[in-house]
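Worksheet for the structure shown next.
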Amino acid sequence: MASRLLWASRAASYLRISVSHRGFASVIKDLKYAESHEWVKVDGNTATVGITDHAQDHLGDVVYVELPEVGATVNQGSGFGAVESVKATSDVYSPVSGNVVEVNEELSNSPGLVNSSPYEKGWIMKVEIKDASELETLKNSDDYAKFCEEEDAKH
């Protein structure tokens, strides 16, 4: 047990070092990313969409999330809602085209989930993907991480 705890604390300190070493927020490996800072998790022909850790970090404390309607059609690159923070309101763009099959109603009462859990509890909508080839136009985690570093260096 003690050795497992020691390993866990070593792993935690290593992870902390690697995250701060990169100088920006976390990026999850198996997701796809849009340059407008939305992420997509594909499960069959359904895509779960949210804003990235990088985006929520730049926005600051989220106080309101404008959700799309279930049944609405979204198009890749087009706005479908907004995230309002104490600093600014930012449009959210769909990384894929299709029909909205579910929205995260939890965000109506707890918009801060976008900050505290952008990749798990803070998802915004689920879309039935119309054209899977659109996913090829999105960035993988390494390309998105590099994109964020370059973008931050400009500011």
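The values are calculated or read from the model by the stated rules, or taken from the named source; none is laboratory data. Source: prediction; values computed, not measured. As a convention, Cβ positions derive from the backbone with ideal geometry for all residues, glycine included, and neighbour counts pool all protein chains shown.
Selection of region 95-109 for residues being among the small types (Gly, Ala, Ser) and touching a Lys or Arg at 6+ places or on another chain (Cβ under 8 Å) yields SER97, GLY98.
Quick check, is SER116 without any contact (Cβ under 8 Å) to a residue 24 or more places away in the chain, farther than 17 Å from LYS32 by Cα and touching a Lys or Arg at 6+ places or on another chain (Cβ under 9 Å)? Break it down stepwise before answering.
Values: without any contact (Cβ under 8 Å) to a residue 24 or more places away in the chain: yes; farther than 17 Å from LYS32 by Cα: yes; touching a Lys or Arg at 6+ places or on another chain (Cβ under 9 Å): no.
In short, no.
crowded, with 18+ Cβ neighbours inside 10 Å, within 28 Å of GLU136 (Cα to Cα), at pLDDT 95 or above and among the polar types (S, T, N, Q): is that true of THR52 in this structure? It is true that THR52 is crowded, with 18+ Cβ neighbours inside 10 Å, within 28 Å of GLU136 (Cα to Cα), at pLDDT 95 or above and among the polar types (S, T, N, Q). Per the listing GLY77, GLY81, the residue uniquely part of a loop (DSSP other than H, G, I, E, B) and closer than 23 Å to VAL27 by Cβ is GLY77.
Which residues, counting only those in region 75-128, are of a type in the set (Lys, Arg) and at pLDDT 95 or above? Show your work before the answer.
First, pick out the residues of region 75-128 that are of a type in the set (Lys, Arg): 87, 121, 126.
If the condition is that a residue be of a type in the set (Lys, Arg) and at pLDDT 95 or above, then LYS121, LYS126 are the ones that fit.
With the requirement that a residue be within 14 Å of VAL114 (Cα to Cα) and crowded, with 18+ Cβ neighbours inside 10 Å, what does region 55-86 give you? Selection gives ALA55, GLN56, HIS58, LEU59, VAL62, VAL65, LEU67, GLY81, VAL83, SER85.
Any idea which residue in region 84-110 is nearest to MET125 (Cα to Cα), counting only those that are assigned to a loop (DSSP other than H, G, I, E, B) and of a type in the set (S, T, N, Q)?
As a first pass, look at region 84-110 and keep what is assigned to a loop (DSSP other than H, G, I, E, B): 86-88, 94-97, 104-105, 110.
Next, only the ones that are of a type in the set (S, T, N, Q) stay: 94, 97, 104, 110.
Numbers: SER94: 9, SER97: 12, ASN104: 6, SER110: 15 Å.
Applying the filter and picking the extreme gives ASN104.
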